[in-house]
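For reference, the structure is listed below as structure tokens.
The values are calculated or read from the model by the stated rules, or taken from the named source; none is laboratory data. Everything numeric here is computed off the predicted structure, so don't read it as measured data. All Cβ positions, even for glycine, are placed from backbone atoms using ideal geometry, and neighbour counts span all protein chains on display. SASA here: full protein model, heavy atoms, side chains in, ligands and nucleic acids out. Shrake-Rupley method; radii C 1.70, N 1.55, O 1.52, S 1.80 Å.
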Amino acid sequence: MNEIIIGHLSEFPERRSRVVRLGSLELAVFKQTGGTVTAIENRCPHKGGKLSEGIVCGSHVYCPLHDWKISLNDGLVQAPDDGCVQTFPVYIDESGNVVLRIELSESKVS
Amino acid sequence: MRQRLVMIGNGMAGVSFVEQLLKLNPKRFDVTIIGAEPYPNYNRIMLSSVLAGDAKMQDIILNDWDWYKENHITLHTGETVTSIDPAAKAVLTDKGASIPYDELVLATGSLPFMLPLPGAEKEGVIAFRDIKDCETMIETAKHYRKAIVIGGGLLGLEAASGLLHLNMEVSVVHKHAHIMERQLDSTASRMLQEELERQGIRFLLQQQSDAVLGDSRVSGLRFKDGTEEAADLIVMAVGIRPNIQLARESGIQVNQGIVVDDYMQTNVPNIYAVGECAEHRETLYGLVAPLYEQGAILAKKLAGVAVDGYKGSVVSTKLKVSGVHVFSAGRYADGPGTKALRVQDDLEGVYKKIVFENGKVVGAVMFGDTIESSKVYAAIRSGEDYSGREKEILFGGAGASGGGRAVSEADLAAAMSGDEIVCGCNGVAKETIVTAIMEQGCVSIGEIKACTKASGSCGTCKPVVEAILAATIGFDQVAVVKEGICGCTTLTRDAVVEAIRRMRLTTTKEVMHVLEWNNPEGCSKCRPALNYYIGMLYPEDHEDELESRFVNERNHANIQKDGTFSVVPRIYGGVTTPGDLKKIASVAEKYNVPLVKITGGQRIDLLGVKKEDLPNVWKDLDMPSGYAYGKALRTVKTCVGNTFCRFGTQDAIKMGIDLEKKFERLNTPSKVKLAVSGCPRNCAEATIKDLGVVAIDGGWELYVAGNGGMRVRAADLLTKVKTEEEVLEWTGAYLQYYRETANFGERTSEWSMRVGLDTIKAALANQADRDALNERIDVTLGRTQDPWKQIVENDDLRSAFEALTAPVSPEAAASKESGESNKRGGREG
Ligand SMILES: Cc1cc2nc3c(=O)[nH]c(=O)nc-3n(C[C@H](O)[C@H](O)[C@H](O)COP(=O)(O)OP(=O)(O)OC[C@H]3O[C@@H](n4cnc5c(N)ncnc54)[C@H](O)[C@@H]3O)c2cc1C
Ligand code: SF4
Ligand code: FES
């Protein structure tokens, strides 16, 4: 498991996201109200919409293309649509850095 | 041990039966439901509303996954029962499961009937039955133009109306001379056809389909008479077939449907059937009201409650197409021994026919105004004798509202007796609704729906339910009983705006908190709306909330399907210069813009720009944003007018540029397009714009509320003025009135049809009112800034366009200390 600092907490606006690229893998990192930071793959399972551009409400994001509602915590698409996106563990270290934990060998990064 | 109840089919009739059973006797059974569709039980009826844009897929779920869990129901979705073994008392599924039962209920519904035409297997030929079909239509409409619906019945017309709403050209093919001939007489059918034609549907009547044309995908339809009609999509809505194959193969007696007795029992012990698949006394039903009645009877029987058997039902029909009111029930045709009460008003487009036999109402057809429909339907069901007072059914009791005017919903609700059925679909009587209001404290339609199911299916009884609610809790409470602006609240747009004004709420968060939203952070529907309303009310103090803006407005560019954006700089009045054209050309080259296109609004679109490039593209362009992405003033299209044209009477170009310069950057409830033509030849197509200005000799005509998009609508003449100043003044007043009174997302055409042209004219008639409106719009206009420039000049705003690029080699990422070296804002991606 690799740990990558992807920025400082202060660089992430609330209820917005930042895009993080790791090789060909693209993540959308969201800061929810209250400061929880979560990371999911930046690709809607419907038609590949960029979730980083969606409207964030609580712990869900609405895909900007056709409004699917997706949980930021477990990546599950909410009914009546169906599907899921991959999530990646994130934690905040003592100095406020946002640290992504990711298995680089397994990811699409080569 | 509990008995095992297994149900095949997870649809409306079946699940309604289970709900009733659980209410009556929750402990008797362990319930297992197997459903072939991959969803929880949803409201099939509302698929029409989803197509028409009145509901979203998530709004139509009737029982969500949690409901099954909470009621301890074992649910297998996406799984089909392939055989029943009555001897072993078990069913087998396509996933290899064998599920034992003590009692088995078949609720397998129907299958759409597909005409066996040559070519019917081609891509693009579908039915209209389930979520999948609905999604196919929505998807198809994004890429194709022309649709044919085969079948001019209820389902076909709802499909056609939905496709029209999705911006397709729609033709309905029907083999009879009249549409909906099974429910309507020829007068009502003709009136309906005229109304639908006015909305834009074409009809090809008395046409028999012969073959589907095309290669792998459909390209058209050929008729028996040899003529052809082009189509990219064919929806067959010619009828349904009860889904009985499983029953037949398992040795259960079938005829047209699965044959059941008055207690919904088949000829095989412990096996029952309800819903569209069941045939009772040689009758099959295709509407939910009778199916729910069947379910209620079976529920009582299996719960061990005494019950009279099922006697069959009278059905009534309403067409769920916006702007159209149609009702039909019972025997509406004249026959020996029947007498009809007819009201026909071609001016208002109203037609009513009530058929009596021996003084009793036996059937009815209504078009245009269906307000008495529940009363008529109740009269048919109750068999009440109206001898000698037949007219009361339409005109009220003796001495009541005189003349031929129809009674209002409120009068009607008040006059209803307690046991009269209000919601035909779910069989909910007035007294049940009143009890829910009085004893369970329901104060909104939503709550009444949750408690009683009234208005929960086709929704046409909503006005009556609303009237009952208002009458029960008092009219001053009416504001709170309307349907909310989204699923997060029961408050209407007007109530929300009024609350923002009265309590001076200044952020969306505050609004949602104070007005007790049931999702603390709202949803993608209400947040942008609230942000707009607050900004409209407090232009000076409102801090625009980027996180409550749709993607396009947040990024000041239009997102494309591949995640790139399009950039449209402003070209005032469509007039450009060689210098600007060169600048656009060199930007397009520098950033490898894949497509450069002239838009319909007389400007240039650079398509396929990467998000990270946007700020630099804007910087290099150094032109103002064209707002081609926003709910805002878009373009002012102009013709050349008297500058060059030999017919021109006024300077259309200058007028257009003045308008665009004055109102650019204005946020509006929905997009706003303007146009100015130099003479009545109207080359700028001003009469299909939100506001169109047409020059006449010695002045200008102002047209409003036109639309050239989804639903074409010719603009209405608002006024004639003499000078250019007056054009600007009226436009300002009109736009501000629209900004202040329209629902978020509502185009001027829809708004004008809702509030009425006369209301708009009255609001703008006085100079003082126009001045006040202009004063308010000027405050807003005075504070706008070019967003592109703002972002280019502000590092904080700019950084939102940059992606973080993390190191890709594992070594570089191995320790988090090395993370410090991560670069921000790489564009190499
Ligand atoms: C677009 C549209 C609009 C409509 N509008 C109205 C209206 O305005 N008013 C009105 O009253 N009615 C309307 N109807 C009709 C109404 O929806 C149906 O009468 C009702 O849904 C039938 O309920 P059901 O439970 O019998 O069948 P369904 O709802 O069709 O449910 C049957 C379910 O069983 C499943 N199934 C079948 N066989 C198996 C098997 N072997 N194993 C597992 N699962 C199986 C099917 O996949 C299906 O999901 C409309 C229908 C449509 C399509
Ligand atoms: S609308 Fe009249 S003035 Fe304008 S281009 Fe056409 S003909 Fe000429
Ligand atoms: S791509 Fe996300 S909802 Fe369609």
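For chain B, the longest principal axis of the Cα atoms and the long axis of helix B:12-24 meet at an angle of about 60 degrees.
For B:Lys301, a cut-off of 25 angstrom between C-alpha atoms picks up these lysines, skipping any fewer than 8 places away in its own chain: B:Lys23, B:Lys27, B:Lys69, B:Lys89, B:Lys311, B:Lys453. Using the alpha-carbon centroid of each, what span in Å lies between the range B:621-698 and the range B:531-593? Their Cα centres are 19 Å away from one another.
Within 10 Å of the Cβ of each residue in B:520-533, the mean number of Cβ atoms contributed by other protein chains is 3. Estimated from the Cβ-Cβ distance and a Förster radius of 22 angstrom, the FRET efficiency linking B:Thr784 and B:Leu546 is about 0.90. Between the alpha-carbon centres of the range B:177-232 and the range A:1-45 there is a gap of 52 Å. In terms of accessible area, using a 1.4 Å probe and ignoring ligands and nucleic acids, B:Ser586, B:Ser250 rank largest first as B:Ser586, B:Ser250. Extending 7 Å from Cα along the Cβ direction at B:Gln344 and again at B:Glu726 yields two label points whose distance is 4.6 nm. Residues of the range B:721-758 falling in the label zone of B:Lys661, defined by backbone nitrogen less than 17 Å from a point 7 Å along Cα to beta-carbon, are B:724-729, B:732. Sorting B:His325, B:His72 by accessible area puts them as B:His72, B:His325; the probe is 1.4 Å, largest comes first, and only protein heavy atoms count.
Here the calculated FRET efficiency for B:Arg198 and B:Phe647, from their Cβ-Cβ distance with R0 = 35 Å, stands at 0.65, rounded to the nearest 0.05.
In what order, largest first, do B:Lys122, B:Lys590, B:Lys301 sit by accessible area if the probe radius is 1.4 Å?
Heavy-atom accessible area, descending, gives B:Lys590, B:Lys301, B:Lys122.
In this structure, the pairs whose alpha-carbon distance is over 19 Å, taken from B:Lys661/B:Lys789; B:Lys318/B:Lys353; B:Lys142/B:Lys610, are B:Lys142/B:Lys610. Scan the range A:1-103 for GluC sites (Glu not before Pro) in coil per DSSP, keeping those whose Cβ has at most 13 other Cβ atoms within 10 Å, and list them by number. Answer in residue order: A:Glu94, A:Glu103. What distance in nm separates the simple spin-label points at B:Gln206 and A:Lys47, each placed 7 Å from Cα in the Cβ direction? About 4.2 nm, to one decimal. The length gained on full extension between B:Glu775 and B:Lys561, counted as 0.36 nm times the residue separation minus their Cα-Cα distance, comes to 73.0 nm. Compared with the dominant principal axis of the Cα atoms in chain B, helix B:430-439 is inclined by about 70°. Residues within the reach of a label modelled at B:Thr80 (point 7 angstrom out along Cα to beta-carbon, backbone nitrogen below 16 Å), restricted to the range B:102-122, are B:107-114. When you restrict to C-alpha pairs under 8 Å that are six or more residues apart and normalise by the size of the range B:17-112, the relative contact order lands at 25 percent. Within the straight-line cut-off of under 18 Å between alpha carbons, the aspartates and glutamates reachable from B:Lys95 are B:Glu37, B:Glu79, B:Asp85, sequence neighbours fewer than 8 places apart in one chain being disregarded.
All distinct Cα pairs of chain A go into the 1/r average, and the inverse of that average, the Kirkwood radius, is 13.9 Å. Relative contact order for chain B: 7 percent, from Cα pairs under 8 Å spaced at least 6 residues apart, divided by residue count.
Over the range B:631-795, Cα pairs under 8 Å with separation of 6+ residues give a relative contact order of 18 percent. The antiparallel fraction among DSSP beta bridges confined to chain B stands at about 60%. A Cα-only calculation for chain B places Rg and Dmax at 30.4, 96 Å.
Once the Cα-Cα distance is subtracted from the 0.36 nm per residue extended length, the B:Glu612 to B:Asp419 segment shows a gain of 63.0 nm. Loop-resident trypsin sites (Lys or Arg not before Pro) (DSSP state other than H, G, I, E or B) in the range B:663-748 with no more than 14 further Cβ atoms inside 10 Å of their Cβ: B:Arg681, B:Lys722.
Report, to the nearest 10°, how far helix B:652-663 tilts away from the longest principal axis of the Cα atoms in chain B, using its own Cα long axis and a range of 0 to 90°. Result, in degrees: 80. Taking all C-alpha pairs of the range B:550-630, those more than 22 Å from each other amount to 14 percent.
Here, P(r) means the percent of Cα pairs in each 10 Å bin from 0 to the largest distance; for the protein assembly as shown it is 2, 10, 17, 22, 21, 16, 9, 3, 1, 0. Spin-label model, B:Thr187 to B:Ala120: label points 7 Å out along the Cα-to-beta-carbon direction sit 3.7 nm apart.
Taking a point 7 Å out from the Cα of B:Thr227 in the direction of its Cβ, the residues of the range B:191-216 whose backbone N falls within less than 14 Å of it are B:202-210.
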